[in-house]
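These notes concern the structure reproduced below.
The values are calculated or read from the model by the stated rules, or taken from the named source; none is laboratory data. Nothing here was measured: the structure is a model prediction, and the numbers come from that model. Cβ sites come from the backbone with ideal geometry, for glycine too, and all protein chains shown count toward neighbours.
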Amino acid sequence: MLGVTAAVTRSQLVSPRVLMALSRTPRTVPDHEWWRLLTPMFVHSDGWTQILFNFTSIAIVGAIVEKLYGYQRWLILYFVPGSIGELCGLAWQPYGAGASVAGSGLLGGLGARLLRHESVPGRLRGVCISLLAIAPTIRRDIHGPPILAGLCIGFVMLWQSLRS
């Protein structure tokens, strides 16, 4: 996923029209541009600092989450919460783009797993991630809802694993 995002982000750096075509805008829903609930996760509107932070955090957290949940569930934890973050973005931050909302979903999935950890330090890390989801949501930051969604989806996935 980082390879695809890197390729699209690279094309955005070469042609700024790519960013304009794929980023989140208030006209997304009225103009029936539903693909813009996914495409902002492949471009970055705030420059190199955002790009470096997002790629680094997704590479680190994403590798852990893929090891814990597998690739197919990783995709769910990436795109479903990321889309929720984009929907919240339409209301709270109507212009923008970046993979951080998708990375937030991965963080939520990691939090769900840590809350079920055998050790107290592991559980405390899960609690910290949970609190990290609540505070931004209250402040209407678009990263909080994807973390919460990742937590919920992660719990469902863990519950399904225990049942099978």
### Query
For the subset of region 20-58 comprising residues that are among the aliphatic types (A, V, I, L, M) and buried (at least 19 other Cβ atoms within 10 Å of the Cβ), which member is nearest to residue 99 (Cα to Cα)?
41
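For the condition at pLDDT below 95 and over 13 Å from the mean Cα position of the chain (by Cα), what is the one hit in 49, 28? Steps first, please.
Working: 49 fails: at pLDDT below 95.
Only one candidate qualifies: 28.
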### Task
Report yes if residue 73 is surrounded by fewer than 17 Cβ atoms within 10 Å (Cβ to Cβ) and either in a helix (DSSP H, G or I) or among the polar types (S, T, N, Q) (or both), otherwise no.
no
#### Entry: In region 116-131, the residues that are touching a Gly at 6+ places or on another chain (Cβ under 9 Å) and either crowded, with 17+ Cβ neighbours inside 10 Å or among the basic types (Lys, Arg) (or both)
116, 125, 126, 129, 130
### Query
Only one residue in 89, 82 is touching a strand residue (DSSP E or B) at 6+ places or on another chain (Cβ under 6 Å), under 30 Å from residue 18 (Cα atoms), in a helix (DSSP H, G or I) and in contact (Cβ under 8 Å) with a residue 12 or more places away in the chain. Which one?
89
